[in-house]
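First the structure, in the form of structure tokens, and then the observations on it.
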Amino acid sequence: MPVSLKAMTVLTVVTLVVLSLYSAAVGGNGWLWFAWVVLGAATAAAATTPRS
């Protein structure tokens, strides 16, 4: 796994944790969850793209 993909995966997981804590403390925000879904999809796409 390339370093950039590891960094993207860590960023996605950390963002999920922070977003969960924020939602529990302040309340959910649909746009933040939508942004996280887009980030997760981009991470999944990067992880499944074949490397040359």
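The values are calculated or read from the model by the stated rules, or taken from the named source; none is laboratory data. Small disclaimer: the values here were computed from a predicted structure and weren't measured. Calculation scope for accessible area: heavy atoms of the full protein, side chains included, ligands and nucleic acids excluded. Shrake-Rupley method; radii C 1.70, N 1.55, O 1.52, S 1.80 Å.
For the chain, place one equal point scatterer on every Cα, skip the solvent, and apply the Debye formula. What is log10 of I(q)/I(0) at q = 0.14, 0.27, 0.31 Å⁻¹?
Per q value, in the given order, log10 I(q)/I(0) is -0.40, -1.01, -1.17.
Based on DSSP H runs of at least 4 residues, each adding -39500 (n - 2.57), what is the mean residue ellipticity at 222 nm of the chain after dividing by all its residues, to the nearest 500 deg cm²/dmol? Present the calculation step by step, with values, prior to reporting the outcome.
On the way: 2 runs with 42 residues, N = 52.
Theoretical 222 nm ellipticity from helices: -28000 deg cm²/dmol.
Roll a 1.4 angstrom probe over the protein heavy atoms and tell me the percent of accessible area of the chain that is carbon or sulfur.
On the way: 2960 of 3840 Å².
The C+S portion of the solvent-accessible surface of the chain is 77 percent.
For the range 8-27 and the range 36-52, what is the separation of their C-alpha centers, rounded to whole Å?
Here the answer is 18 Å between Cα centres.
Multiply the residue separation of residue 47 and residue 14 by 0.36 nm, subtract the distance between their alpha-carbon atoms, and state the gained length in nm to one decimal. Before the final figure, lay out each step's value.
On the way: separation 33, 0.36 × 33 = 11.88 nm, distance 1.71 nm.
Full-extension gain reported as 10.2 nm.
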